[in-house]
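Notes for the one structure printed next.
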Amino acid sequence: EHFNSDAQNFSEILGYINLKISHKDQTVDVKIASNADRLEINSDGSISIIYYKTGEIPSVKKVKNGEKIQLPVEALIATKNGFKLGKNQVEKMSFWQMKPREKKIVYIAKTSEETAQICANILAQIEGLMKDYLLLEKPYELNREDKFNKLYMQLARKKDL
């Protein structure tokens, strides 16, 4: 009942973007990809991104500050036409809870301006991590108990990136 019946929609669609990470005299090519659960192209041409969750939905704060990045990464890919839809303005990002007894929708962003700001923040974080890791500015050590190095932990989930 919450689907936008006027929207063109795409399920399980793979998208990617290529970034060039430069630092000092080095440049590294990085491919960021994601398989989006659902993308809707609204009647005004904007994109809504829906991520289905059977487990817990991450807090809005954790998504916005880069601790849980899959939805913002999908928005980033979409804003750069990485899903090859011919559209690049992402208006809404949301999680849809799909537990049998609990169904709810949590919006991370409801405007294209808000989504653009989240995407810019996530892109800056990804670029910083890639400079540190790929260009060996800082060594990467896997430490799952490290509460202060959560951004580095995202590299351990490279398949999501």
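The values are calculated or read from the model by the stated rules, or taken from the named source; none is laboratory data. A quick note: this is a predicted structure, and the numbers were derived from the prediction, not measured. Glycine gets a Cβ as well: all are built from the backbone with ideal geometry, and neighbour counts include every protein chain shown. Please note that ligands, DNA and RNA were not included when accessible areas were found on the heavy atoms of the full protein model with its side chains. Shrake-Rupley method; radii C 1.70, N 1.55, O 1.52, S 1.80 Å.
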Quick one: is Ile49 out of contact with any Cys (no Cβ under 7 Å at 6 or more places or on another chain), open to solvent by less than 60 Å² (accessible area, probe 1.4 Å) and at pLDDT 90 or above?
yes
Under 6 Å between Cβ atoms, at least 6 apart or on separate chains: pull out the pairs that start in the stretch 106-121 with a residue that is without any contact (Cβ under 8 Å) to a residue 60 or more places away in the chain and outside any helix (DSSP H, G or I) and end on any residue that is among the small types (Gly, Ala, Ser) and surrounded by 16 or more Cβ atoms within 10 Å (Cβ to Cβ).
Tyr107/Ser94
Within the stretch 26-65, the count of residues that are among the hydroxyl-bearing types (Ser, Thr, Tyr), assigned to a loop (DSSP other than H, G, I, E, B) and over 21 Å from Ile126 (Cβ atoms) comes to 3
For residues in the stretch 53-74 being among the acidic types (Asp, Glu) and open to solvent by 30 Å² or more (accessible area, probe 1.4 Å), which is farthest from Ile118 (Cα to Cα)?
Glu56
